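A.B. asks: One structure is given below, represented as structure tokens, and several questions about it will come after.
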Amino acid sequence: MKNKVKEMRTDAGLTQQQLADLVRVSARTIISIEKGQYSPSLMLAYRLAVVFGTTVEDLCCLRENKEREDRAFEEEK
């Protein structure tokens, strides 16, 4: 799933470890989220959004991800 975590983290001048400490997870979790290998839980997404002063929808590109899934579903028909 596409997200803006890396972009927002670097814009904020935070390291992966600093961000991980702020949201109470490991740096490995942040790395996996940034690479799109792991989708955060709703609570973790909310914690990240609060740190960056944004919404979960914007942080996690929910509209774009939904549209991508919808297109893939339609193509399978």
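A.B. asks: Need the failing condition index for residue 19 against (1) surrounded by 13 or more Cβ atoms within 10 Å (Cβ to Cβ); (2) not in a helix (DSSP H, G or I), just the number.
C.D. replies: Answer for residue 19: the failing condition is (2).
A.B. asks: Quick one: would you say residue 6 is at pLDDT 95 or above and at negative phi?
C.D. replies: yes
A.B. asks: Does any residue of segment 44-62 turn out to be in contact with a Leu (Cβ under 8 Å, 6 or more places away or on another chain) and free of Cβ contacts under 8 Å to residues at least 12 places away in the same chain?
C.D. replies: Looking through segment 44-62, at least one residue is in contact with a Leu (Cβ under 8 Å, 6 or more places away or on another chain) and free of Cβ contacts under 8 Å to residues at least 12 places away in the same chain.
A.B. asks: With (1) exposed (fewer than 14 other Cβ atoms within 10 Å of the Cβ); (2) free of Cβ contacts under 8 Å to residues at least 24 places away in the same chain; (3) of a type outside the set (Ser, Thr, Tyr); (4) within 19 Å of residue 17 (Cα to Cα) as the list, and residue 75 as the residue in question, which single condition is left unmet?
C.D. replies: Of the numbered conditions (1) exposed (fewer than 14 other Cβ atoms within 10 Å of the Cβ); (2) free of Cβ contacts under 8 Å to residues at least 24 places away in the same chain; (3) of a type outside the set (Ser, Thr, Tyr); (4) within 19 Å of residue 17 (Cα to Cα), the odd one out for residue 75 is (4).
A.B. asks: Determine which single condition residue 24 fails, assuming it passes every other condition in (1) surrounded by 14 or more Cβ atoms within 10 Å (Cβ to Cβ); (2) in contact with a helix residue (DSSP H, G or I) (Cβ under 8 Å, 6 or more places away or on another chain).
C.D. replies: The single condition residue 24 does not satisfy is (1).
A.B. asks: For segment 1-16, which residues satisfy the criterion of being of a type in the set (Ser, Thr, Tyr) and either closer than 19 Å to residue 61 by Cα or outside any loop (DSSP other than H, G, I, E, B) (or both)?
C.D. replies: Across segment 1-16, the qualifying residue is only 10.
A.B. asks: Got a number for residues in segment 28-58 being outside any loop (DSSP other than H, G, I, E, B), open to solvent by less than 90 Å² (accessible area, probe 1.4 Å) and either over 17 Å from residue 13 (Cα atoms) or at pLDDT below 95 (or both)?
C.D. replies: Matching residues across segment 28-58 total 8.
The values are calculated or read from the model by the stated rules, or taken from the named source; none is laboratory data. The structure presented is a predicted model; accordingly, all values stated were derived computationally and were not measured. Cβ sites come from the backbone with ideal geometry, for glycine too, and all protein chains shown count toward neighbours. All accessible areas refer to the heavy atoms of the entire protein, side chains included, with ligands and DNA or RNA removed. Shrake-Rupley method; radii C 1.70, N 1.55, O 1.52, S 1.80 Å.
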